[in-house]
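All remarks here apply to the structure that follows.
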Amino acid sequence: MPQAMGDGTDIDAPSHAASLEAAERHVKEMEDLEDYYAGADKDNKLAEVASAVEASLDRATEILDGAQLLELKSRVLYLRGRATSFLAGQERAAETLLSKAIKLDPQLREAWNGLGEVYWNLKDVAQAKQCFEQALDLCGPNPISLRNLSMALRALNCNEQQTRAENYSKALAKAKEAVALCADDPLSWETLGNAYVGDFIVNARRPDEVNRALIAYEKAETAYERLGKQNHSLYFNRGMAAKYVEDYQLALKSFETAHGLGSTAAADEARKVLELTQRLAGVVERKNGLKARRLKELTADMQMQGTGCRTIQEMQAGTNGQAPVVARVISIVDRNDEVPVIVVCCDALSEFFALALYNAGMQRLADTLAPMETLVRIQKPRLRLVSVSDPHGKTWNYPCLSVGHPAEVLLADGSTLAATAVESVVFSTGVGRAPPEKAEKGRAPPANNKVVTATSSVTLVECQRRLQQVAKEAGVSGRGRAAVIEAMTPFVRALVGSELGADAGGRLGRIETMFARIGRGEVHTEDSEQHGKRYAPGYVEGLSPNMPFHDAQALPWCHQLKQHWTDIRDELRAHLHDSGVWVPGAYADSNKAYAPDWKIAGVLTADKWQAPKRWRRTQSIIKQLPDVLPFEVFFARMPPHSTIAAHSDNLNYIMTSHLALELEAGGCSILVGNEERDWEEGEMLVFDTSYIHKCWNDSDRNRYVLVFRFWHPDLTLEERRAIHFSHSLLASTPNPEKMGQGGPARATMSVIDE
């Protein structure tokens, strides 16, 4: 018999608190079973633990008196509802219990999240989304609501492609927020990886978006390992992502792991990977079974076409710089619309390889390319040697060139494959395309009253000439820069459409929003306690992460650049005192205001390599960097005991990185927003210079860094080209507000860039 205390209460009688804690432990056990267990007896195990939850809650409610029970009733209802939600066919019962819990306590975050998951299981995605949003609005940011909202946004059924694309962009942003709140949560990292893949698929991003997904999956795997857990969905999704970027060995390994953890679809995916790689390796090795005489016929006219071009051998040897590759199309691999489309080609030396085309339509390519006939010129290809070993130890190899968009492949007549572009597809299921964007009502037409559309055949020179005429008319009418920006927008849309396909000009919503804001003279500003002040006339919405400093370790090219830092430093040292090497920079007038002593030595400016004999080694290293598009590169010298005053670079779509080459340790610092960092030789800093930033060199030595400015990786190809065209158009257009003032008119874009 239990001993009794003086007041008649049993010493070992369980308290209500202990019973509630036991119920919560059992609910957590059910969550783990749901997420990580794939055995055939899963439903039985869940039912057993659910009974334990009920028993614990029954003990707790027996002990509580009326007032105590009322106080904790919402918690009890939540735990009952959460446990019920894991039982097959009990979703409506769980919905009732969780709804009652929320009614009693609207700030019970776990109940909102649990109810959202119930609606998710009922396939009511819109209701699920509302629950996760309510959890965030009423209870504040938390990783569970954010990652679940990310999934809901991607699952919403949208008729409008633009809305769907926006949802996927928002989903990626929410997943990033979840990871930022809890970097140790494996489910948040896994959700981020899925969001990157979804963004790649729906918004036609380049393959480097999938590489970011692979990084997220790797971090998820590490977080799972710390918890001693594994999740078959992580490995299956990582396998699909690896397949997209042709890392077939990682895909095979991931599918095998997923299959071992209970994934029923993984074995079939692993089989398809092996079949594809074996097939391609065989075609390349046997040269598609073609005889030497036939190969000679196929390559006879390629030497002349290939003047100034590379072969596969030259790419493997790293010679002939960034020249394109000329090749003959041999066959198109039928993969049921999987990503990427693969075309077997041979070069001028009869070397066979696979050409992987992203954002291209299989049928459109088949209608355009004639096997054994069509010659293609591949611009800026990325070479990789695909190597896959099967379970029996047999290894299959073949060279592969990857191209991010068909517009980067030219035909013999000088046209591109842009017309074959389509949006990417999800697991062999095609998605609809957005129609070309229509001109806004009330918008003033360009000069000569000729309206430019996305399907117009236009040239940059023609658009520059017509925009200059608009500027002259605007100078007379007094409408000024606003008229120029307004007229420029359809020109940009048409140029993008002409280069990347008719409907590409209709996917520029964020860029046209920026143009409209610039035309109105508006500036995007922020001033937060966490990140500090921001000032950006040139601001593209939705680029993330939205913070002063970015993680250089998350960018593979940063690691590769760092490996060569001593080579770059030594080349700089060899030319430190060359005549004319140091100049004030592109914006000398504004530089005088905040950095009169700061000087640069150009390496890449306006898409042109500067002083190639002087910076031969540095430029060679930069050209080999993966997954980054440089905008501007230069060496920067900051004298001892000097400062660069607080300023903004005015653009958030161009990121900045510094590779520190030579300085006095501990004597040089940079403040970006509210975050201060020191430069360290051989290390990199990556930051957003639309935040107000300033620098100090308090040492007795010059500070030398390599400044590498690059296009923000969240921009699409269409968006980058649109901005590029806008720079070119505005740089050749006189500012109507400066006309007739006795001096040369300034280019309109300089108002933003300075």
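The values are calculated or read from the model by the stated rules, or taken from the named source; none is laboratory data. Because the structure is a prediction, the values reported are computed rather than measured. Cβ coordinates were reconstructed from backbone atoms using ideal geometry, including for glycine residues, and neighbour counts include every protein chain displayed. Heavy atoms of the whole protein, side chains included, go into the accessibility calculation; ligands, DNA and RNA do not. Shrake-Rupley method; radii C 1.70, N 1.55, O 1.52, S 1.80 Å.
Things to note:
- Whole-percent carbon and sulfur share, accessible surface of the range 333-403, 1.4 Å: 45 percent
- Size check on the range 351-405: the Cα extents along the three principal axes, sorted descending, read 40, 23, 22 Å.
- Distance violations [Cα-Cα > 30 Å] among LYS174/LYS533; LYS129/LYS253; LYS176/LYS272; LYS219/LYS243; LYS170/LYS272: LYS129/LYS253; LYS176/LYS272; LYS170/LYS272
- Cα-derived Rg over Rh, computed across the range 65-143 with Rh taken as Kirkwood radius: 0.99
- A dipole drawn for the range 104-164 from +1 and -1 charges on Cβ atoms has a positive end, and of GLN107, TRP120, CYS158 the residue lying farthest that way is CYS158.
- When restricted to Cα atoms, the range 162-275 yields an Rg and a Dmax of 13.9, 42 Å, respectively.
- Rounded to the nearest 20 debye, dipole of the chain from Cβ charges on Lys, Arg, Asp, Glu: 3400 debye
- Extent along principal axes [Cα atoms of the range 616-712; Å; largest to smallest]: 35, 30, 16
- Radius 14 Å from Cβ of SER56, net charge of other residues (Lys, Arg +1; Asp, Glu -1): -1
- Exposure of ASP567 as accessible area (Å², to 10), given a probe of 1.4 Å and all protein chains: 60 Å²
- Spin-label pair THR459/ASP268, simplified geometry with 7 Å Cα→Cβ offset, distance in nm: 5.3 nm
- ILE644 sits among other residues whose Cβ lies under 11 Å from its own Cβ, and their net charge, with Lys and Arg +1 and Asp and Glu -1, is +1.
- Surface per residue (accessible, 1.4 Å probe) for the chain, Å²: 45 Å²
- When only the Cβ of Lys, Arg, Asp and Glu is charged (+1, +1, -1, -1), the dipole of the range 37-139 relative to its Cα centre reaches about 140 debye.
- Cα lying deepest toward the dipole's positive end in the range 490-613, options GLY505, PHE549, HIS531, charges on Cβ: GLY505
- Ranking ALA601, VAL705, ALA636 by Cα position along the charge dipole of the range 578-710, where only Lys, Arg, Asp and Glu carry charges on their C-beta atoms, puts ALA601 farthest toward the positive end.
- All other residues whose Cβ lies under 12 angstrom from that of VAL125 are scored, Lys and Arg at +1 and Asp and Glu at -1, for a net of +1.
- Kyte-Doolittle at least -0.5, axis length at least 27 Å by Cα - qualifying DSSP helices, the chain: 42-63, 66-85, 266-286, 481-500
- Relative contact order (percent, whole number), the chain, Cα cutoff 8 Å, 6+ residue spacing: 8 percent
- Counting only protein heavy atoms and a probe of 1.4 Å, the accessible surface of the range 92-202 is 48% carbon and sulfur.
- q = 0.11, 0.18, 0.23, 0.26 Å⁻¹, the range 301-388: log10 I(q)/I(0) [Debye, one scatterer per Cα]: -0.30, -0.79, -1.21, -1.41
- For the chain, share of DSSP beta bridges that run antiparallel, in % to the nearest 5: 95 percent
- Radius, Kirkwood style, for the chain when every pair of distinct Cα atoms is counted (Å): 29.4 Å
- Accessible surface of the range 659-723, 1.4 Å probe: 36 percent of it comes from carbon and sulfur atoms.
- Helix-only mean residue ellipticity at 222 nm for the chain, each DSSP H run of n ≥ 4 adding -39500 (n - 2.57), per residue, nearest 500: -15000 deg cm²/dmol
- Between the C-alpha center of the range 26-48 and that of the range 236-253 there is a gap of 29 Å.
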